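Only one structure is covered here, and it is reproduced in the block below.
The values are calculated or read from the model by the stated rules, or taken from the named source; none is laboratory data. Bear in mind that the values here come from a model prediction, so they are computed numbers and not experimental data. Every residue, glycine among them, receives a Cβ derived from its backbone with ideal geometry; neighbour counts consider all protein chains shown. What goes into the accessible areas is simple: the full protein's heavy atoms, side chains included, and nothing from ligands, DNA or RNA. Shrake-Rupley method; radii C 1.70, N 1.55, O 1.52, S 1.80 Å.
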Amino acid sequence: MSNLEKLYLKNSNIPKRYLEEIKLVPAKVDRQAYLDLNDIRTNAKEFVDSGDNLIICSTSVGNGKTTWATKIMKSYISSVSNYSFKKSTPALYINVASFLSEKKQAISDKTLLSHIMDLESKLLTSKLVVFDDLCVRGDTSQYDLSQLYYWIDYRSSNKLSCIYTTNLLPAQLENALDARLYSRVVNYSRIITF
């Protein structure tokens, strides 16, 4: 692993657990989804360069959604580890609920504010962002939805790739997101369900 790749991984906000290789064994019913995700992982640079988006969804927890998203992210970082991304990082990981909570806390915590501002800047410049656990809470406020809309609409308009993980199926996302945000997330993404 090159020094630049190590730097990109460090700056990606990816949780330490997912920096290690995690072996996934699919249930028989999930085999095709795993094959499709492995194909995206293998071709991560083309996926991101095309500005493609992906939703990895399942109503089950702990079956590999985040692991797959981070595998694709790490594959992309590896594929661009010879390129310099001035003032940014090629890929960014965001746990949606944690990030929105920390953003609110940063109003009164100036130490946290610097970290949040850095992440918000990367949200608008990274070629790939993983939005992990989209709509994990059923009580996403209108303010939270407007923040998500701003970042996701900007990324969509500028053909910057997103990977969303969620425990909701697309029909359930329609009820959890407002119509404009739902449109940006679902209508512009390939959906893989397992």
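In the full protein context, the stretch 76-173 carries 46 Å² of accessible surface per residue, based on a 1.4 Å probe and ignoring ligands, DNA and RNA. Between Ile116, Ile152, Ile163, the residue with the greatest mean-square fluctuation in the GNM of the chain (Cα pairs under 10 Å linked by springs) is Ile116. Note on the chain: helix-only mean residue ellipticity at 222 nm, from DSSP H runs of 4+ residues weighted -39500 (n - 2.57) and normalised by residue number, equals -15500 deg cm²/dmol. Packing here is the average count of other Cβ atoms within 10 Å per residue, and on that basis the peptides 106-112, 57-63, highest first, run 57-63, 106-112. Taken per residue, the accessible surface of the stretch 6-54 reaches 66 Å², heavy atoms only and a 1.4 Å probe. Between the C-alpha center of the stretch 102-123 and that of the stretch 37-78 there is a gap of 26 Å. According to the square roots a ≥ b ≥ c of the eigenvalues of the Cα gyration tensor, what is the shape class of the stretch 1-143, taking rounded for a/c under 1.5, prolate for a/b larger than b/c otherwise, and oblate for the remainder? Note, shape of the stretch 1-143 comes out oblate. How much of the accessible area of the chain, in percent, comes from carbon and sulfur atoms when a 1.4 Å probe is used? Exposed carbon and sulfur together represent 50 percent of the surface.
Loop-located GluC sites (Glu not before Pro) across the stretch 13-82 with a Cβ neighbour count of 10 or fewer within 10 Å are Glu20, Glu21, with loop assigned by DSSP.
Take the alpha carbon atoms of the stretch 130-165, find their center, do the same for the stretch 3-33, and report the distance between the two centers in whole angstrom. Here the two parts' Cα centres lie 21 Å apart. Annotation for the stretch 1-85: trypsin sites (Lys or Arg not before Pro) lying in DSSP loop with at most 16 further Cβ atoms inside 10 Å of their Cβ are Lys23.
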